[in-house]
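> Here it is, the structure, as structure tokens.
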Amino acid sequence: MNDFASAAMLRLIQLGLQRQGLGMAPPPRASGAHVPLADKRALLDGLLQAHGAQVVIRLGEGAFDAREEPVTVALNMARDPLDLIGRWTRLERFVHSRHRVVVQASTACSLVLRHVSRDPRQPPTLAEDLLVLGLLVALLHRLGTPDLRVRIADEPGWRWQAGRWAEHPLPDDACCWALSWHPVAQGAPTTPAGGQDTAALAHRLLAADCGRRWTLQALAREMGMSTRSLQRHLAAGGSGFSGLVSSVRLSRSAKLLVETLQQPAQIAYVCGFADQGHFNREFKRFSALTPGEYRREFAVPRVG
């Protein structure tokens, strides 16, 4: 994983251990924030051997205590389970993760997922399967997913149900997961007060979750308008949908560069860019500076 994702995962593991009343795990060898795959596996395998599967699968509950972790914040802004899984898979692609969660089947109220490796010679370990499953379930639970139920592979009963994990023996294959939930109630659309306010409202909605995979249709739906009507209002204000999305993402990323110490790659993900190269190109086009140069020129001085 990319440095920021490795560091975030380690923090979640430590928080998950603390939440279960266990001591801190010994930190693995790291280069900067990057943790070698072998060391991460050794850490998780050690926890599995020392404490069992139930502790490893509950490490994901550290997400409940990582409210200010930027990546967790971006994931927590998901509107429904399908949106959350979409954000997770984008994160995996963004950081070039060795492992991926693949959607094998999907309906409005269910998913079948498989945890796979990009290198078939190094499939995910049991501990890695349990960690990712536990984290996704914790995020879905935090999202308020109604009547969330989860089973591993072909288990006869639900392993997660009524907000808790069942304790029974694991199947031999723990990399395939079935999830089910009740329909998620959708909020009422936000209706603009008037034509002259449409662009400002669109800007606020985009800025509230600039990491979302926005489409013109999704924005129009949120605003209670037809796509044609939204396009007309934006054009009357001198902007278009693509330009407005780009402007919001660039403005938000510039603010984070000068006001925080978040890594540029992390900022690129939470602001919705396809990858770090896309962020670098767009930001230089926007400011004539790379993100690193912009931060050095304009970062807010820090005391102490």
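> So what's the back-of-envelope 222 nm ellipticity for the chain, counting only DSSP H runs of four-plus at -39500 (n - 2.57) apiece and dividing by all residues, rounded to 500?
-15000 deg cm²/dmol
> Here is a further query. Using only protein heavy atoms and a 1.4 Å probe, report how much of Ser229 is accessible, in Å² to the nearest 10.
20
> Among Cys176, Cys271, Cys109, which one moves the most in a GNM of the chain with springs linking Cα atoms closer than 10 Å?
Maximum fluctuation in the GNM of the chain, among the listed residues, is at Cys109.
> Also, quick follow-up: Using a 1.4 angstrom probe with every protein chain in place, what is the largest-first accessible-area order of Phe241, Phe298?
Phe298, Phe241
> Using alpha carbons only, how many degrees (0 to 90, rounded to 10) separate the axis of helix 126-142 from the longest principal axis of the chain?
Tilt relative to the chain: about 50 degrees.
> Once the other residues with Cβ under 10 Å from the Cβ of Pro171 are scored (Lys, Arg +1; Asp, Glu -1), what is the net sum?
-2
> Tell me the net charge near Leu17. Cut-off is 14 Å between Cβ atoms, Leu17 excluded, with +1 for each Lys or Arg and -1 for each Asp or Glu.
That sum, taken over residues with Cβ under 14 Å, equals +1.
> Which label marks the calculated value of Rg and Dmax of the Cα atoms in Å, given the options [x] 20.9, 64; [y] 22.2, 71; [z] 18.7, 60?
The value computed from this structure is option [x].
> Over the Cα atoms of segment 202-277, what radius of gyration and what Dmax do you get, in Å?
Looking at segment 202-277, its Cα Rg and Dmax stand at 13.4, 41 Å.
> Sticking with this structure for a sec: About the Cα centre of the chain, how large is the charge dipole given +1 on each Lys and Arg Cβ and -1 on each Asp and Glu Cβ? Please answer in debye to the nearest 20.
Value, rounded to 20: 780 debye.
> Please give the per residue accessible area of segment 32-154, computed with a probe of 1.4 Å over protein heavy atoms only, in Å².
It amounts to 40 Å² per residue over segment 32-154.
> Enter the accessible area of Thr290 (Å², nearest 10), with the probe set to 1.4 Å and all protein chains included.
50
> May I ask for the longest run of the chain untouched by GluC sites (Glu not before Pro) that are loop-located per DSSP and have at most 11 neighbouring C-beta atoms (other than their own) within 10 Å?
Values: sites that count: Glu68, Glu167.
It runs 168-304.
> Continuing with the same structure: Sort Val184, Val150 from largest to smallest accessible area, using a 1.4 Å probe on the heavy atoms of the protein chains.
Ranked list, largest accessible area first: Val184, Val150.
> Let me ask something else about it. Arg296 versus Ser247, label points 7 Å from Cα toward the beta carbon: distance in nm?
For the pair Arg296/Ser247, the computed spacing is 3.1 nm.
> What do you reckon, how do Met77, Met225 stack up by accessible area (1.4 Å probe), largest on top?
Putting Met77, Met225 in descending order of accessible area: Met77, Met225.
The values are calculated or read from the model by the stated rules, or taken from the named source; none is laboratory data. Just so we're clear, the structure is a prediction, and the values are computed from it rather than from any experiment. Using ideal geometry, Cβ is built from the backbone for each residue, glycine included, and neighbour counts are taken over all protein chains shown. The protein model used for the area step is the full one, side chains on, heavy atoms only, and it has no ligands, DNA or RNA in it. Shrake-Rupley method; radii C 1.70, N 1.55, O 1.52, S 1.80 Å.
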